[in-house]
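A.B. asks: Can you keep this structure in mind? I'll have questions shortly.
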Protein chains: 2
Amino acid sequence: MSDENIVFVGTKPASSYVLAVTSQFEEGSSMVVIKARGKAISKAVDVAEIVRRRYVKDAEVADITIGTEEVTSEDGRTLRVSSMSIVLARQDDRT
Amino acid sequence: MSDENIVFVGTKPASSYVLAVTSQFEEGSSMVVIKARGKAISKAVDVAEIVRRRYVKDAEVADITIGTEEVTSEDGRTLRVSSMSIVLARQDDRT
């Protein structure tokens with residue numbers, strides 16, 4: 001899977017990421033990974049749900065993983081932040 | 001699994017829910033389900049990560065599911081909100 005199949009959810013409105021994920025499926029991707037950290041995790045779940053309910057109805061949640069990442073703050077401290085990856089896959093590509 | 005094994009994450013600080021989940025494991029539960037909706041989903045991931053990294057180190061993420069629930073707003077409209085369930089299970093109880 002290339003990096004092009006990963007959509008990072010951040011501070012833009014959910015609709016921006018819904019469009020990005022839907023476009024990747026329309027361009028022929030069989031799998032798209034939605035990634036987020038911290039407060040954006042809730043938005044990533046919204047994006048996955050909106051894509052599979054409204055736009056790419058044969059897409060299913062193939063896997064969800066959570067973890068903790070270490071990031072360095074502006075003042076140099078190490079902070080831990082939760083992360084999540086949601087793998088959406090088109091049904092017809094799963095065996 | 002009884003209802004006592006479910007912790008609903010809402011508007012309180014994450015530490016409240018970390019304590020609730022950890023307590024359930026300490027009381028002998030082999031499995032605790034952490035549930036959240038909407039913006040609280042990010043906090044639910046924090047809670048799961050803090051519990052398994054700091055307090056119940058033999059607990060693993062056994063399953064994560066996402067979905068969409070319909071709720072009725074104060075003015076009677078039906079709104080859709082994302083939901084998530086994270087199942088934490090103690091390793092020694094898994095076969």
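A.B. asks: Cα axis of helix B:14-26 to longest principal axis of chain B: angle in degrees, 0 to 90, nearest 10?
C.D. replies: 40
A.B. asks: Additional query: Evaluate peptide A:37-46: per residue, the Cβ atoms of other protein chains within 10 Å of its Cβ; return the mean as an integer.
C.D. replies: Counting Cβ atoms of other protein chains within 10 Å of each residue's Cβ and averaging gives 6.
A.B. asks: Taking beta carbons within 10 Å but only from partner chains, what does the mean come to for residues A:67-74?
C.D. replies: Per residue, the number of nearby Cβ atoms from other chains is 1 on average.
A.B. asks: Ok, one more. Enter the angle in degrees (range 0 to 90, nearest 10) between the Cα long axis of helix A:40-50 and the first principal axis of the Cα atoms of chain A, meaning the one along which they spread out most.
C.D. replies: 10
A.B. asks: For chain A, what number of Lys pairs, 8 or more residues apart or on separate chains, have alpha-carbon atoms under 14 Å from each other?
C.D. replies: Lysine pair count for chain A: 4.
A.B. asks: Then there is this: What number, rounded to the nearest 500 deg cm²/dmol, is the helix-based mean residue ellipticity at 222 nm of chain A, given -39500 (n - 2.57) per DSSP H run of at least four residues and division by all its residues?
C.D. replies: Counting only the DSSP helices, I get -8000 deg cm²/dmol.
A.B. asks: What is the calculated FRET efficiency for A:K12 to A:R54, with r their C-beta to C-beta distance and R₀ = 22 Å, to the nearest 0.05?
C.D. replies: Calculated transfer efficiency: 0.75.
A.B. asks: Could you bin all the Cα-Cα distances of the protein assembly as shown into 5 Å bins starting at 0 and give me the percent of pairs in each, rounded to whole numbers?
C.D. replies: Cα pair-distance distribution for the protein assembly as shown, in percent: 1, 8, 15, 18, 18, 15, 12, 8, 3, 0, 0.
A.B. asks: Additional query: Ranked highest first by average number of other Cβ atoms within 10 Å, how do B:45-52, A:67-74, B:32-39 line up?
C.D. replies: Listed from highest to lowest mean packing, they are B:45-52, B:32-39, A:67-74.
A.B. asks: Nearest 20 debye, what's the magnitude of the dipole of the protein assembly as shown about its Cα centre given +1 on Lys and Arg Cβ and -1 on Asp and Glu Cβ?
C.D. replies: Result for the protein assembly as shown is approximately 440 debye, rounded to the nearest 20.
A.B. asks: Using a label position 7 Å from Cα in the Cα→Cβ direction, what is the ascending list of nm distances from B:D63 to the same site in the other copies?
C.D. replies: Here the equivalent label points are 1.9 nm apart from this one.
A.B. asks: So for the stretch B:1-77, Kirkwood radius off the Cα pairs, Stokes-Einstein at 4 °C and 1.567 mPa s: how many µm² s⁻¹?
C.D. replies: 97
A.B. asks: Now for a separate question. What is the fewest-to-most order of A:L79, A:L19, B:L88 by other Cβ atoms lying within 10 Å of their Cβ?
C.D. replies: A:L79, A:L19, B:L88
A.B. asks: Scan around A:T68 for amide H atoms under 5 Å from its own, H built in the peptide plane at 1.01 Å from N, and keep only partners 5 or more places away or cross-chain.
C.D. replies: A:S83
A.B. asks: Sticking with this one: Taking each label point as 7 Å beyond Cα in the direction of the beta carbon, state the distances from A:L19 to the same residue in the other copies, shortest first, in nm.
C.D. replies: So the distances to the same position in the other copies read 4.5 nm.
A.B. asks: May I pose another question? Given +1 on the Cβ of Lys and Arg, -1 on the Cβ of Asp and Glu, and no further charges, what dipole in debye does chain A carry about its Cα centre, rounded to the nearest 20?
C.D. replies: Its charge dipole is roughly 380 debye.
Read-outs: derived from the displayed coordinates by stated rules, not from any lab. These numbers come from a predicted model, not from an experiment. So basically every Cβ, Gly included, is an ideal-geometry build from the backbone, and we count neighbours across all protein chains shown.
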